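J.: One structure, pasted below without further comment.
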Amino acid sequence: MHTTMKRVQKGALGYYICEKIPVRHAFTTKTGGVSAGACESLNLGFSRGDDPEAVRENYRILCDTLGLGLSRLTRTEQVHRDEVSVVTEELAGTGLTKPMVWESDAIVTNLPGTPIVGFYADCVVTLLFDPASRSIGVCHSGWRGTAAGILPKTVDVMAGRLGARRESLVAVMGPSIRQCCFETGADVPEAMESSLGAGVRPYIEPRGEKWFVDLQGINAMLLRQAGLAEGNIVDSGICTYCEHGEFWSHRYTHGVRGVHAGVICL
Ligand SMILES: [Zn+2]
């Protein structure tokens, strides 16, 4: 685990934070909620076959524990593409108290009191915070989103629309499947190299007929290219597959699982 990461236990809720982010935020674990069965217990997804009332109760628990306003909590819609949306006043609450209106794997805002949330169960969720402009972002990137460059695109939208400064922007990649466990066929390395170029090669290790891909390493490379300082790029170092006791891993559970959230709020 990265030295700036810390596990917090508050009541029944266990979650991880990063010391580099001075505003309220969390990467959740399985624990602290009310869901049962494969989604036991803090499932934050409405499409996992879970009781929607249990999911809503889990959001209430999460917000109460972190001191966040539930009514303005705003969700990504995760479709493995590269759309980034800015959460404006009229869009606060999208995906929870208001209908989903975008297909955005990343959302950004400078509104205070507006928690923004992205989801993971192996994919990389990155929380972004810029102290200069007081703006935040959350970005979901699995291998498709990584190949599409959604994380540097999120940085571009924060810089272009919210005035974020690349030199002060902090990005923290949360618990996700790591190279130790992310075994793929040829499709993943081919997609990475065809869209991102030969620079991805050091992050892809062939082993027999398979490849092991370092998604966090590739995303960190993209963040450096986007102008972030090395010291402001944090890779949590937590592998959801290795740590399948604490986290749902999509691979480990063969897809029968709940989903965690990365949340951040000004
Ligand atoms: Zn692992």
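J.: Take each of the peptides 51-58, 236-243, average the number of other beta-carbon atoms within 10 Å over its residues, and list them starting from the highest.
T.: Numbers: 51-58: 16.0, 236-243: 19.0.
Ranked from most to least packed, the peptides come out as 236-243, 51-58.
J.: What is the calculated FRET efficiency for ALA132 to VAL79, with r their C-beta to C-beta distance and R₀ = 41 Å, to the nearest 0.05?
T.: On the way: r = 31 Å, r/R0 = 0.75.
That pair, ALA132 with VAL79, gives E of 0.85.
J.: Counting other Cβ atoms within 10 Å of each Cβ, which GluC sites (Glu not before Pro) in region 82-120 have at most 15 and sit in a DSSP loop? Before the final figure, lay out each step's value.
T.: Values: sites: GLU83, GLU89, GLU90, GLU103; in loops: GLU83, GLU103.
Qualifying residues, ordered by number: GLU103.
J.: Right, another one. Mind checking which of HIS80, HIS254, HIS244 has the largest fluctuation in a GNM of the chain, springs on alpha carbons under 10 Å?
T.: HIS254
J.: Over region 5-265, with every protein chain in place, what whole percent of the accessible area is carbon and sulfur at 1.4 Å, could you tell me?
T.: 50 percent
J.: Quick one: of the DSSP bridges fully inside region 5-265, what percent are antiparallel, nearest 5? Write out the running numbers ahead of the final one.
T.: On the way: 38 of 48 bridges.
Close to 80 percent.
J.: What is the gain in length, in nm to one decimal, between ARG24 and SER168 on full extension, counting 0.36 nm per residue of separation less the C-alpha to C-alpha distance? Before the final figure, lay out each step's value.
T.: Numbers: separation 144, 0.36 × 144 = 51.84 nm, distance 1.80 nm.
Contour length minus Cα-Cα distance gives 50.0 nm.
J.: Sticking with this structure for a sec: Setting aside same-chain residues fewer than 8 positions from LYS20, which lysines have a Cα under 26 Å from its Cα?
T.: LYS6, LYS10, LYS30, LYS153
J.: Using θ = phi - 60° and the Karplus relation 6.51 cos²θ - 1.76 cosθ + 1.60, list the HN-Hα couplings for region 260-266 in order, rounded to whole Hz, with x at every Gly or Pro.
T.: 9, 10, x, 10, 8, 8, 7
J.: In square angstrom, what is the accessible area per residue of the chain with a 1.4 angstrom probe? Spell out each step's value before the answer.
T.: On the way: 10420 Å² over 266 residues.
Computed with neighbouring chains in place, this is 39 Å² per residue.
J.: Here is a follow-up. For region 154-219, run through the GluC sites (Glu not before Pro) and keep only the ones in DSSP coil with at most 13 other Cβ atoms within 10 Å of their Cβ. Walk me through the intermediate numbers first.
T.: Working: sites: GLU167, GLU183, GLU190, GLU193, GLU209; in loops: GLU167, GLU209.
Those satisfying the criteria are GLU167, GLU209.
J.: Another question, then. Using +1 on the beta carbon of Lys and Arg, -1 on that of Asp and Glu, and nothing else charged, what's the dipole of region 1-46 about the Cα centre, debye to 20?
T.: Numbers: 6 positive and 2 negative charges, 34 e Å.
Using only the charged Cβ atoms, the result is roughly 160 debye.
J.: Quick one: among SER176, SER249, SER195, which has the greatest mean-square fluctuation in a GNM of the chain with alpha-carbon springs under 10 angstrom?
T.: Checking each option, the largest mean-square fluctuation is seen for SER195.
J.: Is it possible to state the helix-based mean residue ellipticity at 222 nm for the chain, with each DSSP H run of 4+ residues giving -39500 (n - 2.57), the sum divided by total residues, to the nearest 500 deg cm²/dmol? What is it?
T.: Values: 5 runs with 55 residues, N = 266.
Result for the chain: -6500 deg cm²/dmol, rounded to the nearest 500.
J.: Calculate one ³J(HN,Hα) per residue across region 134-148 by plugging θ = phi - 60° into the Karplus curve 6.51 cos²θ - 1.76 cosθ + 1.60, and present them in order as whole Hz with x for glycine and proline.
T.: 6, 10, 9, x, 9, 9, 9, 9, x, 6, 5, x, 4, 5, 7
J.: Name the residue, out of GLY69, GLY199, GLY113, whose mean-square fluctuation peaks in a Gaussian network model built on the chain with Cα pairs under 10 Å.
T.: Its mean-square fluctuation being the largest, the pick is GLY199.
J.: Which value, in debye to the nearest 20, gives the size of the charge dipole of the chain about its Cα centre, when Lys and Arg are +1 and Asp and Glu are -1 at the Cβ? Working shown, then result.
T.: Values: 26 positive and 29 negative charges, 113 e Å.
It comes to approximately 540 debye.
J.: Another one. Under the definition of Cα pairs under 8 Å and six or more residues apart, what whole-number percent is the relative contact order of the chain? Could the numbers behind the result be given before it?
T.: Working: 646 pairs, mean separation 62.0, N = 266.
Reported as a whole number, the value is 23 percent.
J.: By how many nm would the segment from ALA229 to SER195 lengthen if fully extended, with 0.36 nm per residue of separation less the alpha-carbon distance? Mind showing how you got there, number by number?
T.: On the way: separation 34, 0.36 × 34 = 12.24 nm, distance 2.34 nm.
Full-extension gain reported as 9.9 nm.
J.: Turning to a different aspect of this structure: Quick check for me: using +1 on Lys/Arg Cβ and -1 on Asp/Glu Cβ, what's the dipole size of region 37-195 about its Cα centre, in debye to the nearest 20?
T.: Working: 14 positive and 21 negative charges, 111 e Å.
Its charge dipole is roughly 540 debye.
The values are calculated or read from the model by the stated rules, or taken from the named source; none is laboratory data. As the structure is a prediction and not an experimental result, all values here were calculated from the model. Note: ideal-geometry Cβ built from the backbone for every residue, glycine included; neighbour counts use all protein chains shown. Note: accessible area is taken over every heavy atom of the protein model, side chains too, but ligands, DNA and RNA are not part of it. Shrake-Rupley method; radii C 1.70, N 1.55, O 1.52, S 1.80 Å.
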